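Asks: Please see the structure below; I have some questions.
The values are calculated or read from the model by the stated rules, or taken from the named source; none is laboratory data. Computed from a prediction, not measured in an experiment: that's the story for all the values here. Cβ atoms come from the backbone with ideal geometry, glycine included; neighbour counts cover every protein chain shown. Accessible surface is based on the protein model in full, side chains and every heavy atom, while ligands, DNA and RNA are left aside. Shrake-Rupley method; radii C 1.70, N 1.55, O 1.52, S 1.80 Å.
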Amino acid sequence: MAQLSDDCFAHGGRLMRVDEARELLSKAITPVTGTEPVALHAALGRILAEDIVSPVDVPPAPNSAVDGFAVFHADLDPYEETRLPVVGRVTAGQQDLPAARPGAAIRIFTGARLPDGPDTVMMQEDCIAEGDAGDEHVIIKPGIRKGANAREAGEDVAKGSVVLQRGQRLRPQDVGQAAAVGRREVVVSTRLKVGLFSTGDELREPGQPLEAGAIYDSNRYTIHALLIGLGCQVNDLGILPDRPDVVRSALDEAKADHDLLVTSGGVSVGEEDHIKAAVEALGKLHLWRLAVKPGRPIALGQVGRIPFVGLPGNPVAVVVTFLTIVRPLILRMMGGRDAPPHVFRVRAGFDHKKKKDRREWLRAHLVEDPTGALTAQKFPREGAGILSSLVAADGLVELPEDLTRLEAGAMVDFLPFSEVTQ
Ligand code: AMP
Ligand code: MG
């Protein structure tokens, strides 16, 4: 399996802007996963490892977009009704087509091939059919445009064109597109195998009793879900105590079976933060100090040759650093394209002061103002430990480095969670 270059996360320790961090990652990280064919039903969310070129025109032949009557437009009176004999019938999937001729109509159904000749299809709702089988006529209202309701061959996809590109993550409609050009399988990147730990003596597994001083481990569950959303294969390795020897041997052991190791907690500068020393002893570690709020240093390094990410302990900082740094890192390791998530301009429903030169994300939910425009409302408390603030939020308002003062009514960038959590 391919590996990242040695010490690819090296960085001088200066305060780093988010864009600089992303740029550095995009240069340092190369795909490490292999590829595998998967059936279409298993392709959702996977990263395509090939360009998909259509071997066919879609649709393969001209056909009707409606149930109605195929006619020669030149036969129609532009101002009066036109009465034409019906000389044939064609349904969807029918192979042998009736012969069409000027001065006559063909009864046709949605998706049925257009016989040679007719260039326009009149919807049946706009026609009056008369007579019985053998002696049918149709009366057509005036005013239809030439070519109406007739689909051309290849108007959706032209034979030979690239319909899906290597590096894109497959959404439901992309899976359908692969099927529409006749593919049963597509080649995707293999799933990144991620080993996940929490760290901290205070952490307890949900479902266990909670004695004095303890809290339930939530980060591991949040991060697990974020990783699954990205299409990783996650190995939940549990909680590590704040003991250097245990942390070190657990990480050392985990490097064997994984493409990436992720921890949360234990990377601050407190005496009980043992991750840093353990990873340094086993490989390399760099603390990236990002000019962001919320967020703490994020630790990036290697355990042996395996990339390592040490996320902060505070639950909100975990999510924000995951979305800004870990998500693009993982997508790149899996051969994904570098496409920043879309942010949307919405109105701020609050005033806010911030420090210059750092990017700030505020947890916010969206409400409609009386005109129907979306307004972001900030969660009243900002602590990095308040997980319920994320639960109450629809996404993050992203405030740029230069901004120091935001006034209600100004337009801001809003990153919906739905853009980045799947
Ligand atoms: P640390 O970086 O280990 O000092 O942790 C910072 C804060 O995050 C502390 O209040 C921890 O109790 C909390 N924390 C660390 N890990 C977790 C976790 N897995 N789940 C919930 N809270 C955590
Ligand atoms: Mg800790």
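Asks: Just to check your reading of the model, which residue among D242, D201 is in a loop (DSSP other than H, G, I, E, B) and open to solvent by less than 40 Å² (accessible area, probe 1.4 Å)? Spell out how you get there, then give the answer.
Replies: Values: D201 fails: open to solvent by less than 40 Å² (accessible area, probe 1.4 Å).
Of the residues listed, the single one that is in a loop (DSSP other than H, G, I, E, B) and open to solvent by less than 40 Å² (accessible area, probe 1.4 Å) is D242.
Asks: Just checking, how many residues over region 234-272 are closer than 20 Å to T222 by Cβ and either touching a residue at least 60 places away in the same chain (Cβ under 8 Å) or more than 34 Å from the chain's Cα centre (by Cα) (or both)?
Replies: Kept after step one, since they are closer than 20 Å to T222 by Cβ, are these residues of region 234-272: 234-240, 254, 258, 260-268.
Keeping just the survivors that are either touching a residue at least 60 places away in the same chain (Cβ under 8 Å) or more than 34 Å from the chain's Cα centre (by Cα) (or both) gives 258, 260-266.
Residues meeting the conditions: 8.
Asks: Which residues, taken from region 251-292, are farther than 26 Å from A2 by Cβ, in a strand (DSSP E or B) and open to solvent by less than 10 Å² (accessible area, probe 1.4 Å)?
Replies: Across region 251-292, the qualifying residue is only S264.
Asks: How many residues does region 13-48 contain that are among the hydrophobic types (A, V, I, L, M, F, W, C), open to solvent by 20 Å² or more (accessible area, probe 1.4 Å) and under 20 Å from the mean Cα position of the chain (by Cα)?
Replies: 4
Asks: Go through region 173-209 and give me each residue that's charged (D, E, K, R), more than 15 Å from ligand 1 (Cβ to nearest atom) and closer than 30 Å to N314 by Cα.
Replies: Narrowing region 173-209 to residues charged (D, E, K, R): 174, 183-185, 191, 193, 201-202, 204-205.
Remaining after also requiring more than 15 Å from ligand 1 (Cβ to nearest atom): 174, 183-185, 191, 193.
R191, K193 - these are the residues of region 173-209 that are charged (D, E, K, R), more than 15 Å from ligand 1 (Cβ to nearest atom) and closer than 30 Å to N314 by Cα.
Asks: Could you say whether any residue in region 130-147 is crowded, with 20+ Cβ neighbours inside 10 Å, touching a residue at least 60 places away in the same chain (Cβ under 8 Å) and closer than 30 Å to E419 by Cβ?
Replies: Within region 130-147 (the criterion being crowded, with 20+ Cβ neighbours inside 10 Å, touching a residue at least 60 places away in the same chain (Cβ under 8 Å) and closer than 30 Å to E419 by Cβ), the answer is no, since none of the residues qualifies.
Asks: So, in region 341-369, of the ones that are under 22 Å from the mean Cα position of the chain (by Cα), under 30 Å from L192 (Cβ atoms) and touching a residue at least 60 places away in the same chain (Cβ under 8 Å), which residue ends up most open to solvent (accessible area, probe 1.4 Å)?
Replies: Ranking the candidates gives H342 first.
Asks: If the requirement is being within 15 Å of ligand 1 (Cβ to nearest atom), among the β-branched types (V, I, T) and touching a Leu at 6+ places or on another chain (Cβ under 7 Å), which of these qualifies: V343, V309, V269, V303? Outline the logic, then answer.
Replies: Working: V343 fails: within 15 Å of ligand 1 (Cβ to nearest atom); V269 fails: touching a Leu at 6+ places or on another chain (Cβ under 7 Å); V303 fails: within 15 Å of ligand 1 (Cβ to nearest atom).
Going through V343, V309, V269, V303 in turn, just one is within 15 Å of ligand 1 (Cβ to nearest atom), among the β-branched types (V, I, T) and touching a Leu at 6+ places or on another chain (Cβ under 7 Å): V309.
Asks: Would you confirm whether any residue within region 170-179 is open to solvent by 50 Å² or more (accessible area, probe 1.4 Å), modelled with pLDDT of 95 or more and farther than 30 Å from P340 by Cβ?
Replies: Of all residues in region 170-179, those open to solvent by 50 Å² or more (accessible area, probe 1.4 Å) come to 171-173, 179.
Filter once more, so that each one left must be modelled with pLDDT of 95 or more: 171-173, 179.
Checking the rest, the ones that are also farther than 30 Å from P340 by Cβ come to none.
No.
Asks: Considering only region 199-221, state which residues are under 20 Å from V320 (Cα atoms) and away from ligand 2 (no atom under 16 Å from the Cβ).
Replies: Y221
Asks: Could you check, for region 224-233, whether at least one of its residues is part of a loop (DSSP other than H, G, I, E, B), free of Cβ contacts under 8 Å to residues at least 40 places away in the same chain and in contact with a Gly (Cβ under 7 Å, 6 or more places away or on another chain)? Show your work before the answer.
Replies: Here is the first cut: in region 224-233, the residues part of a loop (DSSP other than H, G, I, E, B) are 230-232.
Subset that is free of Cβ contacts under 8 Å to residues at least 40 places away in the same chain: none.
Looking for residues that are part of a loop (DSSP other than H, G, I, E, B), free of Cβ contacts under 8 Å to residues at least 40 places away in the same chain and in contact with a Gly (Cβ under 7 Å, 6 or more places away or on another chain), one finds none in region 224-233, hence no.
Asks: Among the residues of region 293-340, how many are within 16 Å of ligand 2 (Cβ to nearest atom), open to solvent by less than 20 Å² (accessible area, probe 1.4 Å) and either modelled with pLDDT under 95 or within 30 Å of V367 (Cβ to Cβ) (or both)?
Replies: 7
Asks: A follow-up question, please. Give the number of residues within region 19-71 that are in a loop (DSSP other than H, G, I, E, B), among the hydroxyl-bearing types (S, T, Y) and within 25 Å of A178 (Cβ to Cβ). Quick ask: steps written out before the conclusion?
Replies: Applying the first criterion (in a loop (DSSP other than H, G, I, E, B)) to region 19-71 yields 29-34, 43-46, 49-51, 54-57, 59-62, 65-67.
Cutting the leftovers down to among the hydroxyl-bearing types (S, T, Y) gives us 30, 33, 54.
Subsequent filtering for residues that are within 25 Å of A178 (Cβ to Cβ) retains 33, 54.
Result for region 19-71: 2.
Asks: Would you point out the residue of region 210-221, among those that are of a type in the set (S, T, Y) and farther than 19 Å from E272 by Cα, that is nearest to ligand 1 (Cβ to nearest atom)? Please lay out each step first, then the result.
Replies: Pass one, region 210-221, residues of a type in the set (S, T, Y): 216, 218, 221.
Narrowing further to those that are farther than 19 Å from E272 by Cα: 218, 221.
On the way: S218: 4, Y221: 8 Å.
Selected residue: S218.
Asks: Only one of these is touching a strand residue (DSSP E or B) at 6+ places or on another chain (Cβ under 6 Å), away from ligand 2 (no atom under 12 Å from the Cβ) and modelled with pLDDT under 95: L196, L287, L260, L251. Name it.
Replies: Details: L196 fails: modelled with pLDDT under 95; L260 fails: modelled with pLDDT under 95; L251 fails: modelled with pLDDT under 95.
That would be L287, the only listed residue that is touching a strand residue (DSSP E or B) at 6+ places or on another chain (Cβ under 6 Å), away from ligand 2 (no atom under 12 Å from the Cβ) and modelled with pLDDT under 95.
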